[in-house]
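Chemist: Input: one structure, supplied below.
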Amino acid sequence: MIIDSKIRLADLHCHLDLYPDFEEAVIAAEQAGVFTLAATTTPRAWPRNRQLTRGLNFVHAALGLHPQLAKERKDEIKIWERYLPEARFIGEVGLDGGPRYFKSLPIQKQIFEVVLRRCAESGGKVLTVHSTRCASTVLDMIEELLPPDRGRAILHWFGGSPLEVRRAAELGCYFSINVEMARNERGRRTIEAIPNGRILTETDGPFTQVEGRPSCPSDVALAVSAIAAISKVSPVVAENLVSANLRNLMESIGD
Ligand code: MN
């Protein structure tokens with residue numbers, strides 16, 4: 001069982017290898033007892049992430065190929081495939097249809113298709129998925145290629161409509177929420193639409209900030225408070241909900 005019963009907080013999407021001191025960031029998250037997925041943006045980062053997290057109770061590396069890097073790094077999908085048998089957690093993967101990246105969408109889709117097919121073949125993987133301005137395409141691909149009994153997607157910083165939230169939930173997806181999402185009305189509406197049983201938390205550090213510094217995994221407590229405020233429950237209730245959801249997610253993939 002990968003989920004320690006003592007786990008209270010979970011950061012399902014954080015880029016520990018992008019902090020000034022990667023090793024220190026891993027140690028701090030482990031000592032804080034925050035279940036943390038260390039997402040990678042290129043599979044070339046996997047060996048070091050794997051090495052630093054091996055044997056830890058709380059921090060786990062995820063094998064990724066970021067959609068924003070698809071154009072320059074498309075050939076690295078071969079490296080990603082080579083490391084796949086070593087990885088239970090996958091990401092950051094997905095699609096980005098924002099103004100800077102939509103031109104590479106055809107390449108992004110080819111890569112994401114390989115990712116989803118290989119994960120479905122292997123079984124037992126949990127994916128942290130980027131879907132900026134591509135919610136419905138990402139959901140179409142998950143529906144076609146990753147049935148919930150073959151792997152589970154956590155939609156990271158999901159920006160889809162309440163209708164798309166409902167569709168994603170029906171496809172078996174989870175959602176990881178960060179404080180930045182709760183800072184605007186649209187994000188709060190997305191959070192409100194997420195079924196209780198599918199909500200998780202993230203920091204997306206170092207790309208979000210707390211008090212003018214990059215968020216670290218223990219700052220995920222702020223995402224828990226935001227969920228509590230939006231759902232009108234106490235922070236303890238929200239914290240219990242997130243940790244129960246994480247356990248259910250891991251059980252659903254046969255951990
Ligand atoms: Mn990210």
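Chemist: Where in the stretch 168-221 are there GluC sites (Glu not before Pro) that are in a DSSP coil and have at most 10 other Cβ atoms within 10 angstrom of their Cβ? Display every interim value, and only then the final one.
Modeler: Details: sites: 170, 180, 185, 192, 202, 211; in loops: 180, 202, 211.
Answer in residue order: 211.
Chemist: Residue 232: which aspartates and glutamates have alpha carbons under 18 Å from its alpha carbon, excluding same-chain residues fewer than 8 sequence positions away?
Modeler: 185, 192
Chemist: Can you give the convex hull volume per residue for the Cα atoms of the stretch 1-51, as a whole number of Å³?
Modeler: Details: hull volume 4.4 nm³, N = 51.
In the stretch 1-51, the Cα hull volume divided by residue count equals 86 Å³.
Chemist: Reachable lysines from residue 74, Cα under 16 Å, same-chain residues fewer than 8 places away excluded?
Modeler: Within the straight-line limit of under 16 Å, residue 74 reaches these lysines: 103, 109.
Chemist: How large is the charge dipole for the chain, taken about the Cα centre, if only the Cβ atoms of Lys, Arg (+1) and Asp, Glu (-1) carry charge, to the nearest 20 debye? Mind dumping the intermediate values first?
Modeler: Values: 31 positive and 32 negative charges, 86 e Å.
Approximately 420 debye in magnitude.
Chemist: Continuing with the same structure: Could you tell me whether the chain comes out rounded, prolate or oblate from its Cα gyration tensor? Rule is a ≥ b ≥ c as square roots of the eigenvalues, rounded for a/c under 1.5, then prolate if a/b exceeds b/c, otherwise oblate.
Modeler: Details: a/c = 1.35, a/b = 1.13, b/c = 1.19.
Judged from the Cα gyration tensor, the chain comes out rounded (a/c under 1.5).
Chemist: Multiply the residue separation of residue 82 and residue 113 by 0.36 nm, subtract the distance between their alpha-carbon atoms, and state the gained length in nm to one decimal. Spell out each step's value before the answer.
Modeler: On the way: separation 31, 0.36 × 31 = 11.16 nm, distance 1.60 nm.
Contour length minus the Cα-Cα distance gives 9.6 nm.
Chemist: What trypsin sites (Lys or Arg not before Pro) does the stretch 31-136 have in DSSP loop regions with at most 11 other beta carbons within 10 Å? Can you show the working numbers first?
Modeler: Values: sites: 44, 48, 50, 54, 71, 73, 74, 78, 82, 88, 100, 103, 109, 117, 118, 125, 133; in loops: 54, 88, 100, 133.
Here the trypsin sites (Lys or Arg not before Pro) that fit, given the DSSP loop and packing criteria, are 54, 100.
Chemist: Once you have a ≥ b ≥ c as the square roots of the Cα gyration tensor eigenvalues for the stretch 1-114, tell me rounded if a/c is under 1.5, and otherwise prolate or oblate according to whether a/b is larger than b/c. Could the numbers behind the result be given before it?
Modeler: Working: a/c = 2.12, a/b = 1.92, b/c = 1.11.
Judged from the Cα gyration tensor, the stretch 1-114 comes out prolate (a/c at least 1.5, a/b above b/c).
Chemist: Given C-alpha coordinates of the stretch 128-176, what is the ratio Rg to Rh with the Kirkwood estimate of Rh?
Modeler: Value, to two decimals: 0.90.
Chemist: Take the chain, connect every pair of alpha-carbon atoms lying under 10 Å apart with a spring to form a Gaussian network, then pick out the residue of 29, 38, 70 with the largest mean-square fluctuation.
Modeler: Judging by the Gaussian network model, the answer is 29.
Chemist: If you filter the stretch 161-255 for trypsin sites (Lys or Arg not before Pro), then keep DSSP loop positions with at most 14 other Cβ within 10 Å, what is left?
Modeler: Working: sites: 166, 167, 183, 186, 188, 189, 198, 232, 247; in loops: 232.
Sparse-neighbourhood loop trypsin sites (Lys or Arg not before Pro): 232.
Chemist: Same structure again: Find the Rg to Rh ratio for the stretch 40-99, where Rh is the Kirkwood radius over alpha-carbon pairs and Rg uses the same atoms. Let's see the in-between values first.
Modeler: On the way: Rg = 11.9 Å, Rh = 11.9 Å.
My calculation of the ratio gives 1.01.
Chemist: Which lysines, on any chain, are close to residue 6 with Cα under 23 Å apart, when same-chain ones fewer than 8 places away are left out?
Modeler: Cα-Cα hits under 23 Å: 125.
Chemist: Compute the convex hull volume of the Cα atoms of the stretch 80-202, divide it by the residue count, and report the result per residue in Å³ as a whole number.
Modeler: Working: hull volume 12.6 nm³, N = 123.
Enclosed volume per residue, from the Cα hull, is 102 Å³.
Chemist: Using a Förster distance of 25 angstrom, determine the FRET efficiency expected from the C-beta separation of residue 121 and residue 166, and round it to 0.05.
Modeler: 0.30
None of the figures in this text is laboratory data; all of them are computed from the coordinates on show. Keep in mind that what you see is a predicted model, and the values were worked out from it rather than measured. Neighbour counts run over all protein chains shown; Cβ positions are idealised from the backbone, glycine included.
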